[in-house]
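Read through the structure below, which is laid out as structure tokens, and then see the notes.
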Amino acid sequence: MSNILALSEAATIGLHSIVLIAKEKEKLNVNQIAERIGSSKHHVAKVLQRLAKENYVSSNRGPAGGFVLKKDPKEISLLEIYEAIEGKIETQTCPGTKETCPFGLCILGEVSTKLNAEFVSFLKNQTLNKYL
């Protein structure tokens, strides 16, 4: 079965992890997050390192270590997290990423551009605060 919209595993881990971290009063470590979202702890650690590098979370090592947010949840959009993991979303006019359409007019019309814009708008308007 095919999906029109599918997120990468890294994006899914990043989005779910940041919401879990925002919801918790205490620090969450990689093992706790990996268990809750059903992902590899190594992949979770790699994604969280990226979010730490981008200053969305801070981490402490050791038995009492874990991750906490560095910003107010009201100030973090899902778009920021998505783009921290995947890179800036670019609007494409051709869903097939072709330079020139052999028909002169895209057979899919503007559906790709509209879906992309709606996806970006949705993520931009969703802050972590919504999930607390």
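Where a number appears in this text, it was derived from the coordinates with a stated rule and is not lab data. Source: prediction; values computed, not measured. As a convention, Cβ positions derive from the backbone with ideal geometry for all residues, glycine included, and neighbour counts pool all protein chains shown.
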All positions within region 96-118 that are loosely packed, with under 15 Cβ neighbours inside 10 Å and either of a type in the set (Gly, Ala, Ser) or within 23 Å of the chain's Cα centre (by Cα) (or both): 96, 97, 104, 109, 111, 114, 115, 117, 118
Subset of region 26-42 [out of contact with any Gly (no Cβ under 9 Å at 6 or more places or on another chain) and either exposed (fewer than 15 other Cβ atoms within 10 Å of the Cβ) or among the hydroxyl-bearing types (Ser, Thr, Tyr) (or both)]: 31, 35, 36, 38, 39, 40, 41, 42
Candidate set from region 119-132 (those that are assigned to a helix (DSSP H, G or I) and of a type outside the set (A, V, I, L, M, F, W, C)); member that is nearest to the chain's Cα centre (by Cα): 124
Filter result for the condition that a residue is within 21 Å of residue 6 (Cα to Cα) and not aliphatic (A, V, I, L, M), over 98, 23: 98
Helices (runs of 4 or more DSSP H) lying entirely in region 1-98 (those with 1 or more residues that are without any contact (Cβ under 8 Å) to a residue 40 or more places away in the chain and basic (Lys, Arg)): 30-37, 41-53
First in region 104-129 and charged (D, E, K, R), second anywhere and in a helix (DSSP H, G or I) and surrounded by 14 or more Cβ atoms within 10 Å (Cβ to Cβ), Cβ under 7 Å, 6 or more apart: 124/79
Any chance residue 79 is over 22 Å from residue 3 (Cβ atoms), surrounded by 12 or more Cβ atoms within 10 Å (Cβ to Cβ) and touching a helix residue (DSSP H, G or I) at 6+ places or on another chain (Cβ under 7 Å): no
